[in-house]
Protein chains: 2
Amino acid sequence: MEKCLFCEIAEKRIDSKIVYEDEKVVAFKDIYPQAPVHVLIIPKKHISGVTSLEEGDRELVGHMFIVSQQLAKDFSVYQCGFRLIVNSGPDAGQAVDHIHMHLLGGRTLQWPPG
Amino acid sequence: MEKCLFCEIAEKRIDSKIVYEDEKVVAFKDIYPQAPVHVLIIPKKHISGVTSLEEGDRELVGHMFIVSQQLAKDFSVYQCGFRLIVNSGPDAGQAVDHIHMHLLGGRTLQWPPG
């Protein structure tokens, strides 16, 4: 079975710029940043995407939002603003099959969001 | 005190195209759709934005993701893909101070997400 890239990052088998970690989630810098601040927040538990979430995962996903508050403070975008994005499937360009939340900030973000 | 637009929608004091409702959340069509499918998911409870979330709101926010699964099925974007977006503050263009999750789908979504 092929290893999941983001599981490997969470387990620190692959190098990344980790900016936050707790028991349940890890956050690290996106290697292809689309804004001055571009961080990915992932659960340590392997969940392949939004459509794989189970009812028991509610609290874990909600926790990713609480973590986004801390990251927004750490990267000084808490007041000026930031955007949270979760892609699901091909039309959204989900690139890794491990659920991840993009946090973008540090510039004016356009609308539509892609 | 000025009424919150999205609280008014949730209470059905203002007309909207509601596409989903349960005890905790309401979903309705965005009046300025940016894709063939563009729905907003909001909690009935007034929370002004991501930065106002409290630890006890984790399950509620996670529930919005579970609801997004149902909506993606209802609008036939579950397989082809969809994007979930939550804006916080001015740089992200948060337009209403009541936390809301955009669900976009039905076309190829570009990157960066705004």
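The values are calculated or read from the model by the stated rules, or taken from the named source; none is laboratory data. On a predicted model such as this, the values are computed, not experimentally measured, just so you know. Glycine also receives a Cβ, built like all others from the backbone with ideal geometry; neighbour counts cover every protein chain displayed.
Some observations on this one:
- Among (1) farther than 21 Å from B:Glu55 by Cα; (2) among the charged types (D, E, K, R); (3) touching a residue at least 12 places away in the same chain (Cβ under 8 Å) - the single one A:Asp91 does not satisfy: (3)
- Taking segment B:72-84 as the range and being closer than 20 Å to B:Lys44 by Cβ and either facing chain A (nearest Cβ under 7 Å) or basic (Lys, Arg) (or both) as the test, only B:Leu84 passes.
- Filtered residues of segment B:86-114 (kept if at pLDDT 95 or above and among the aliphatic types (A, V, I, L, M)): B:Val86, B:Ala92, B:Val96, B:Ile99, B:Met101, B:Leu103, B:Leu104, B:Leu109
- Members of segment B:88-104 found to be on the phi > 0 side of the Ramachandran plot and assigned to a strand (DSSP E or B), listed by number: none
- Hey, A:Lys3 part of a loop (DSSP other than H, G, I, E, B) and at pLDDT below 95 or not: yes
- Unique match (being hydrophobic (A, V, I, L, M, F, W, C), out of contact with any strand residue (DSSP E or B) (no Cβ under 7 Å at 6 or more places or on another chain) and in contact (Cβ under 8 Å) with a residue 40 or more places away in the chain) among A:Leu40, A:Leu71, A:Leu104, A:Leu53: A:Leu53
Results for (1) facing another protein chain (nearest Cβ under 7 Å); (2) under 15 Å from A:Val19 (Cα atoms); (3) in contact with a helix residue (DSSP H, G or I) (Cβ under 7 Å, 6 or more places away or on another chain), shown as yes or no for each residue.
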| residue | (1), (2), (3) |
| --- | --- |
| A:Ile47 | no, no, yes |
| A:Val50 | yes, no, yes |
| A:Asp57 | yes, no, yes |
| A:Met64 | no, yes, no |
| A:Val67 | no, yes, no |
| A:Gln70 | no, yes, no |
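- Residue in segment A:5-25 that is more than 26 Å from B:Glu55 (Cα to Cα), under 16 Å from the mean Cα position of the chain (by Cα) and within 9 Å of chain B (Cβ to nearest Cβ) present: no
- For segment B:15-42, a residue qualifies if it is more than 26 Å from B:Cys80 (Cα to Cα) and either surrounded by 13 or more Cβ atoms within 10 Å (Cβ to Cβ) or among the aromatic types (Phe, Trp, Tyr) (or both), and the qualifying residues are B:Ser16, B:Lys24.
- Residues of segment A:77-88 that are without any contact (Cβ under 8 Å) to a residue 24 or more places away in the chain and surrounded by fewer than 18 Cβ atoms within 10 Å (Cβ to Cβ): A:Gln79 alone.
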